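I have placed the structure first, in the form of structure tokens, so that the comments after it can refer back to it.
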Amino acid sequence: MDNETEVSQREMLKIIGLFRKNGFKGEYETFEKSKEETGEYFVVVTDENTHIKGLFKANPSKDMVAFQHVLNDHNTVA
């Protein structure tokens, strides 16, 4: 991961707080800053109950979490 997309621990805590505020619970696997939009992040989360792994877009400044798609063994985030 390079410095442009690297996420600080403080940013991770804000993002996790946003997910929890929106009812998400699970294992947060990866965090990456969007290269296209400032303040936006891509997060891979495995749901606590279903164990389904998904890619989400999050923007703490806009109080927004948006599901992108389900990830499996055939499609992962590099």
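Given the options GLU48, GLU32, GLU11, state which has the largest fluctuation in a GNM of the chain using a 10 Å cut-off (strictly under) for Cα springs.
GLU48
Between GLU11 and ALA66, what length in nm is gained on full extension when 0.36 nm per residue of separation is reduced by their alpha carbon distance?
18.1 nm
Count of lysine pairs in the chain with Cα atoms under 21 Å apart, counting only pairs 8 or more residues apart in sequence or on different chains?
19
What percent do you get for the relative contact order of the chain when only Cα pairs under 8 Å and 6+ apart count?
So the answer I get is 22 percent.
For P(r) over Cα pairs in 5 Å bins from 0, in percent, pick the label among [x] 4, 17, 28, 29, 18, 4, 0; [y] 3, 16, 29, 27, 17, 7, 1; [z] 3, 10, 10, 10, 9, 9, 11, 10, 9, 8, 6, 3, 2, 1, 0 that corresponds to the value derived from the coordinates.
Evaluating P(r) over Cα pairs in 5 Å bins from 0, in percent on these atoms matches [y].
Could you size up the charge dipole of the range 9-71 around its Cα centre, putting +1 on the beta carbon of Lys and Arg and -1 on that of Asp and Glu, and report it in debye to the nearest 20?
180 debye
Show the residues, 5+ positions off or on another chain, whose built amide H is closer than 5 Å to the amide H of SER34.
Amide H neighbours of SER34: GLU40, TYR41, PHE42.
Each reported figure results from applying straightforward, stated rules to the coordinates on display, with no laboratory input. Just so you know, these numbers come straight off a predicted model, no measurement behind them. Using ideal geometry, Cβ is built from the backbone for each residue, glycine included, and neighbour counts are taken over all protein chains shown.
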